[in-house]
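Student: Structure provided below as structure tokens; questions to follow.
The values are calculated or read from the model by the stated rules, or taken from the named source; none is laboratory data. The structure displayed is predicted, hence computed values, not measured ones. Cβ coordinates were reconstructed from backbone atoms using ideal geometry, including for glycine residues, and neighbour counts include every protein chain displayed. Accessible surface is based on the protein model in full, side chains and every heavy atom, while ligands, DNA and RNA are left aside. Shrake-Rupley method; radii C 1.70, N 1.55, O 1.52, S 1.80 Å.
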Amino acid sequence: MAEAAPAPTAALGKHACPECSGDLQWNAAKQALVCPYCGTVVPWTQGKEAEPGAAVVEHDLLAALNNPASGRGWGDQPGFTKREVQCQSCRAISVFVDGKVATRCDFCGSPSIIAHETANDAITPQSLLPFKVSEGQMRDSLRKWYGARWFAPSKLKTAALTDTLRGIYLPYWTFDAQVSARWRAEAGHYYYESESYRDDKGDTRSRQVQRTRWVPAAGNLEHFFDDALVPGTTGVHADLLRQVEPFPTLTDLKPYSPEFVRGWTVERYQIDLHKAEKLNQEDMQQKVKALCTRKVPGDTQRNLQVDATYQGRTFKHILAPVWLVSYTYGSRSFQVVANGYTGAIAGEQPYSWVKITFAVLAVLMLILLVVTMGHTKPH
Ligand SMILES: [Zn+2]
Ligand SMILES: [Zn+2]
């Protein structure tokens, strides 16, 4: 008889504190589970027993789209509480698994947040990247980052470093697909001909002219898209997120377990599976076209037509860690985002016009000084 797979609840329940049976939480500095009640440190073992990522399963895309009620929730168990709040300003939805209560939006700092009621739970993440960069490390590198922003207002540096740093798991979708494409195009081959012409003096001369010979071409393309990422977040500004990607999702994912998100904020996706699937499809079409373009022989090409079929489409819903500073300056809201795994930082900043004006004046004075000295120098 085949050995039965362990029930999901058994896997989740095994991360209770061995000393006091309290709920363990992921600690980024220790890279282990820590009991918030008695401080016991428990190493995370599941990744060592199995091949890395072996427990992370891909899900059939069509089946999920046709059966939207299955595979949802955050891993509920006895004593498990979950709160969802939505920001009335930026619309981001935050999920807190046990304990944490927010008074301000983690994404924009707005105090106008209300409970988010929904008929459906979010699709359960299959896996996540646990935080690797601890809060202490993050504050150090943020200090350096701000130090390099010459024109940021001074009071920003202190304000942004005190208490607004938040660790947030962002929702991502990853898609796999096998693409078979048939392409047709006209391949252009350059050749040169001599052409005679009259110059402005009326003499006959000859020159080389480039011409193109068009030849029909066709071929096949096979390509496998592995873990193409589509962000499900609306809370983090998209251009910043692009700058701190990638997350090493192919190699370092851990199977989802509530211990990893307890005590942290999780953003609930608002780009749902339907929207994400469409974005992924458009992205794949563009990439397939680009791949086919490269296959067309010759020096130039025109009228490329691609007929592609996508098979075995699967998806995963994953969570990726970021550290986020959000603050308002004047009437605008700004974000600084750091990859919670690689530490890459990207941010928006207001500019201090006082500092910029002084810098411009200083440069002008310097130029003036150099010019005057040049004139007064004895020859
Ligand atoms: Zn304990
Ligand atoms: Zn907000």
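Student: If you take the charge dipole of the chain about its Cα centre, with +1 on Lys and Arg Cβ and -1 on Asp and Glu Cβ, which of 312, 285, 111 is farthest toward its positive end?
Tutor: 111
Student: Can I ask one more? Over 32 Å between C-alpha atoms is what I'm after, so list which of 82/275; 100/355; 100/144 land there.
Tutor: 100/355
Student: Next question, about the same structure. Divide, for the stretch 165-273, the radius of gyration over alpha carbons by 2.2 N^0.38 Å, where N is the residue count.
Tutor: For the stretch 165-273, the normalised Cα radius of gyration comes out at 2.14.
Student: Can you give me the span-like helices of the chain, meaning DSSP H runs with 30 Å or more of Cα extent along the axis and Kyte-Doolittle mean at or above -0.5?
Tutor: Helix filter hits for the chain: 353-376.
Student: What order do 82, 254 take when sorted by accessible area (1.4 Å probe), most exposed first?
Tutor: In descending accessible area the options line up as 82, 254.
Student: Evaluate 2.2 N^0.38 Å with N set to the residue count of the chain, then give the Cα radius of gyration divided by it.
Tutor: For the chain, the normalised Cα radius of gyration is 1.37.
Student: Right, next: Working out 0.36 nm times the residue gap between residue 137 and residue 117, then minus their Cα-Cα distance, what length gain in nm do you get to one decimal?
Tutor: Between residue 137 and residue 117, full extension yields 3.6 nm more.
Student: Which longest run of the chain has no exposed loop site in it, a site being GluC sites (Glu not before Pro) in a DSSP loop with at most 16 other beta carbons within 10 Å, and the site itself not part of the run?
Tutor: It runs 118-347.
Student: With a 1.4 Å probe and every protein chain left in place, work out the accessible area per residue of the chain in Å², rounded to a whole number.
Tutor: Result: 56 Å² of accessible area for each residue.
Student: I would also like to ask the following. Summing -39500 (n - 2.57) over the DSSP H runs of n ≥ 4 in the chain and dividing by its residue number, what mean residue ellipticity at 222 nm do you reach, to the nearest 500 deg cm²/dmol?
Tutor: The helix contribution divided over the chain gives -7500 deg cm²/dmol.
Student: Now for a separate question. Please report, to two decimal places, log10 I(q)/I(0) for the stretch 61-149 at q = 0.16, 0.17, 0.23 Å⁻¹ as given by the Debye formula with identical point scatterers on the Cα atoms and no solvent.
Tutor: Taken in order of the listed q values, log10 I(q)/I(0) reads -0.92, -0.99, -1.20.
Student: If you place +1 on the Cβ of every Lys and Arg and -1 on the Cβ of every Asp and Glu, how big does the dipole about the Cα centre of the chain come out, in debye to the nearest 20?
Tutor: Here the chain has a charge dipole of around 1460 debye.
Student: Then there is this: I'd like the carbon and sulfur percentage of the solvent accessible area for the chain, probe radius 1.4 Å, heavy atoms only, ligands and nucleic acids excluded.
Tutor: 55
Student: While we're here: Let me know the whole percent of all Cα-Cα pairs from the stretch 240-337 that are separated by more than 22 Å.
Tutor: More than 22 Å apart: 56 percent of the Cα pairs in the stretch 240-337.
Student: Same structure again: Quote to one decimal, in nm, the extra length available between residue 37 and residue 193 on full extension: 0.36 nm per residue of separation minus the C-alpha distance between them.
Tutor: In short, 47.7 nm is gained.
Student: Could you please state, rounded to a whole Å, how far the C-alpha centre of the stretch 187-213 is from the C-alpha centre of the stretch 97-123?
Tutor: The two parts, judged by their Cα centres, are 71 Å apart.
Student: What figure, in Å² to the nearest 10, do you get for the accessible area of residue 114 with a 1.4 Å probe and non-protein molecules left out?
Tutor: About 90 Å², ignoring ligands and nucleic acids.
Student: Also, I was wondering about something else. Amide H of residue 44 versus every other amide H placed in the peptide plane: which residues, excluding those fewer than 5 positions away on the same chain, fall under 5 Å?
Tutor: Here the answer is 33, since their amide H atoms fall under 5 Å of that of residue 44.
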